[in-house]
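Working notes, structure below.
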Amino acid sequence: MVSPVRRAQPEAFHLPAPDGFRFCVAWQPPAGVVRRGAVVHVPAFAEEMNKSRRMVALQARAWAEQGWTVLVPDLRGCGDSAGDSGDASWDDWLEDVRRAFDWARGQGDGPVWLWGLRHGALLATAAAMRFGLACGLYLWQPVANGKQHLQQFLRLQSMAHVVGKAKDERAPGPDQILQAGGLVEIAGYRLSPALAEGMRAATLTLPPTARSLCWLQLGPGDDAGPTPAAERLSRACEEAGRGFMFERIATPSFWQTQEIEVSEALTVAGCRLLAMESAEALCP
């Protein structure tokens, strides 16, 4: 008789922070499963984060059932964490990544991976750089240039302003508001000058303490090669003697689609690629 598959279950808790707490969901390996290490999710920005929650949960469960402890935190002012999004700065979010990493490192032996999605890839690499985090980097559709990414969101806000037919057509644009020290609302999130400044300055860079980097290029079609940014990081890894993996996987653009989308191929790839890195048979 075949034993039933033990399913990992999420556990919510509050991770203490100086200004309150960070809401977290932890996925622990089921009883009897050999523990491999830990993975910390670093989320996308604004509405991209919300649209990705289902896909993130599916990947977290898949990894947990293969022996990884997976932590999915809400950053300051996001989701169910303490604080207002308008009070959050880039430095605050870097500290949140460090705090989550420290929690994951305390869960036992084994490697710790920072799993960055979109803008979260910038945060993950910047936090590893600033705090010297010894980690692997596992990146989903990473944003390579924070300034360009921010401008895309600001353009969306400007378009919404035009479509909404604001009463004062001479009202300042989002860039002007930020430069004057004001807050800009993007998809229900308030963006502060301190956060915008950090995003503008961020570029995807290989931290010296990163053990390896895995870049997953996602979206419709799977025939394109590495992007220029991926090639740049590949060379940096080679020069530093670090491992680098690149794979393109055909998936819906779940971080921006109107309906919630998921990709089984992506969760399968996640198990396979971490298995390659750990040199253990992680997935059947």
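The values are calculated or read from the model by the stated rules, or taken from the named source; none is laboratory data. The structure displayed is predicted, hence computed values, not measured ones. Methodologically, a virtual Cβ is constructed for each residue, glycine included, from the backbone with ideal geometry; neighbour enumeration extends over all protein chains shown. In case anyone asks, the SASA skips ligands and DNA or RNA and just uses the protein heavy atoms, side chains included. Shrake-Rupley method; radii C 1.70, N 1.55, O 1.52, S 1.80 Å.
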Test: residue in the range 81-89 that is open to solvent by 20 Å² or more (accessible area, probe 1.4 Å), outside any loop (DSSP other than H, G, I, E, B), touching a residue at least 12 places away in the same chain (Cβ under 8 Å) and of a type in the set (Asp, Glu): yes
Test: residue in the range 58-78 that is β-branched (Val, Ile, Thr), part of a helix (DSSP H, G or I) and within 19 Å of residue 13 (Cα to Cα): no
Hits in the range 142-157 - residues which are under 20 Å from residue 270 (Cα atoms) and either without any contact (Cβ under 8 Å) to a residue 12 or more places away in the chain or surrounded by fewer than 23 Cβ atoms within 10 Å (Cβ to Cβ) (or both): none
Matching entry among 8, 100, 12, 46 (being farther than 23 Å from residue 204 by Cβ, touching a residue at least 40 places away in the same chain (Cβ under 8 Å) and either open to solvent by less than 50 Å² (accessible area, probe 1.4 Å) or not polar (S, T, N, Q) (or both)): 8
Whichever residue in the range 103-129 is more than 13 Å from the chain's Cα centre (by Cα) and not in a helix (DSSP H, G or I) and, among such residues, is surrounded by the most Cβ atoms within 10 Å (Cβ to Cβ): 112
All positions within the range 249-270 that are open to solvent by less than 10 Å² (accessible area, probe 1.4 Å) and part of a helix (DSSP H, G or I): 266, 269, 270
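I'd like to check something: does the range 197-210 contain any residue that is assigned to a strand (DSSP E or B), open to solvent by less than 50 Å² (accessible area, probe 1.4 Å) and of a type outside the set (A, V, I, L, M, F, W, C)?
Start the filter on the range 197-210 by keeping residues that are assigned to a strand (DSSP E or B), which leaves 203, 210.
When the remaining residues are screened for being open to solvent by less than 50 Å² (accessible area, probe 1.4 Å), the result is 210.
Still in the running and of a type outside the set (A, V, I, L, M, F, W, C): none.
Scanning the range 197-210, I find no residue that is assigned to a strand (DSSP E or B), open to solvent by less than 50 Å² (accessible area, probe 1.4 Å) and of a type outside the set (A, V, I, L, M, F, W, C), so the answer is no.
Do the conditions hold for residue 175, that is, is it over 30 Å from residue 70 (Cα atoms), of a type in the set (Asp, Glu), open to solvent by less than 60 Å² (accessible area, probe 1.4 Å) and at pLDDT below 85?
Details: over 30 Å from residue 70 (Cα atoms): yes; of a type in the set (Asp, Glu): yes; open to solvent by less than 60 Å² (accessible area, probe 1.4 Å): yes; at pLDDT below 85: yes.
Here the answer is yes, as residue 175 does meet what is asked.
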Number of the condition not met by residue 22 [criteria: (1) in a helix (DSSP H, G or I); (2) within 23 Å of residue 125 (Cα to Cα); (3) touching a strand residue (DSSP E or B) at 6+ places or on another chain (Cβ under 7 Å)]: (1)
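Every residue in the range 137-160 that is modelled with pLDDT under 70 and touching a Pro at 6+ places or on another chain (Cβ under 8 Å), please. Steps first, please.
Just the residues of the range 137-160 that are modelled with pLDDT under 70, to begin with: 157-160.
Selection gives 157, 158.
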Flag if residue 134 is closer than 27 Å to residue 29 by Cβ, open to solvent by less than 30 Å² (accessible area, probe 1.4 Å) and at pLDDT 85 or above: no
